[in-house]
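One structure is given here, and the rest of the page talks about it.
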């Protein structure tokens, strides 16, 4: 089965706090891609990162960082020194090589950052 | 680059009428287009996958006669919600796979309200 689990439904933090959004995935494919998207209140999806299954290097982009661990099938996302503008719903997604490149989304984590 | 223009951004229609949503790739060829539906506070659910020049493949539970998808060219895909009912009110969003790449790009979404 192909599945993405984001166990945290909502997280509320105060500005400048660090926050980690968890993502656990399931797939039998050995080749797959993982994504994180941000959906602000306006509704559009904003691409944040794509990772392929053969690249376990952690990545940092400004205040964002991602920790990919195949051993635990996790692809967690950390926002350092959160800001009010980070308030949004964040989706983790899986795109396995088989199945026509369909993307399976997690349920999303709603992040509230309070000033 | 790789921009998908989705129109309209929002639409209100009367029950029983049909609504067409367009997704146009502006600067690339979209060999595959995905259509998703998102109910309030829920994740994105794949409705169908369309390849240019072929019939769309619908996910289980999605009525193909109700949600007509056309992907007649490499730059345009349309979703027509026929005989819309209030329960079809949702956020519809398309995603295009960039040809010869593993990139995806999303349209900005269409909020459909059926009254």
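Just so you know, all these numbers are worked out from the coordinates, no wet-lab data involved. Note that this is a predicted model, so its numbers are computed, not measured. Virtual Cβ from ideal backbone geometry, glycine too; neighbours counted across all protein chains shown.
Here the protein assembly as shown carries DSSP beta bridges of which approximately 90% are antiparallel, counting only pairs with both residues inside. Take the convex hull of the alpha carbons in segment B:50-115; its mean projected area over all directions comes to 5.1 nm². Where does the Debye-calculated log10 I(q)/I(0) of chain B sit at q = 0.16, 0.19, 0.23 Å⁻¹, using only Cα point scatterers of equal weight, no solvent? Taken in order of the listed q values, log10 I(q)/I(0) reads -0.66, -0.94, -1.33. Each Cα pair under 8 Å and six or more residues apart adds its separation to the average, and for chain A the resulting relative contact order is 38 percent.
In percent, what relative contact order does chain B have, based on Cα pairs under 8 Å that are 6 or more apart in sequence? Walk me through the numbers before you get to the answer.
Details: 304 pairs, mean separation 43.0, N = 115.
Normalised by residue count, the contact order of chain B is 37 percent.
For segment B:5-67, pairs of C-alpha atoms spaced more than 15 angstrom apart make up 64 percent of the total. Per-residue mean of foreign Cβ neighbours for B:41-49 is 5 (Cβ atoms of other chains, 10 Å radius). When the Cα atoms of segment A:1-104 are aligned to their principal axes, the ranges along those axes come out at 40, 28, 22 Å in descending order.
Would you list B:10, A:36 from fewest to most Cβ contacts within 10 Å? The most exposed by this proxy come first: B:10, A:36.
Using Cα pairs under 8 angstrom and six or more residues apart, how large is the relative contact order of segment A:10-68, in percent?
On the way: 46 pairs, mean separation 12.8, N = 59.
Once divided by the residue count of segment A:10-68, the mean separation gives 22 percent.
Put a dot 7 Å past the Cα of residue B:76, heading toward its Cβ, do the same for residue A:50, and the two dots end up 2.6 nm apart. Taking the DSSP bridge list for chain B and keeping only pairs wholly inside it, about 90 percent are antiparallel.
When chain A is treated as a GNM with alpha-carbon contacts under 10 Å, the residue of A:53, A:42, A:87 showing the greatest mean-square fluctuation is A:42. Largest mean-square fluctuation among B:53, B:61, B:16, in a Gaussian network model of chain B whose springs join Cα atoms under 10 Å apart, belongs to B:61. Computed over the Cα atoms of the protein assembly as shown, pair by distinct pair, the Kirkwood hydrodynamic radius stands at 18.3 angstrom.
When the alpha-carbon atoms of segment A:65-115 are used, the pair Rg, Dmax equals 13.7, 44 angstrom.
The mean number of Cβ atoms from other chains found within 10 Å of a Cβ in peptide A:65-71 is 0, as a whole number. Largest mean-square fluctuation among B:60, B:29, B:38, in a Gaussian network model of chain B whose springs join Cα atoms under 10 Å apart, belongs to B:60.
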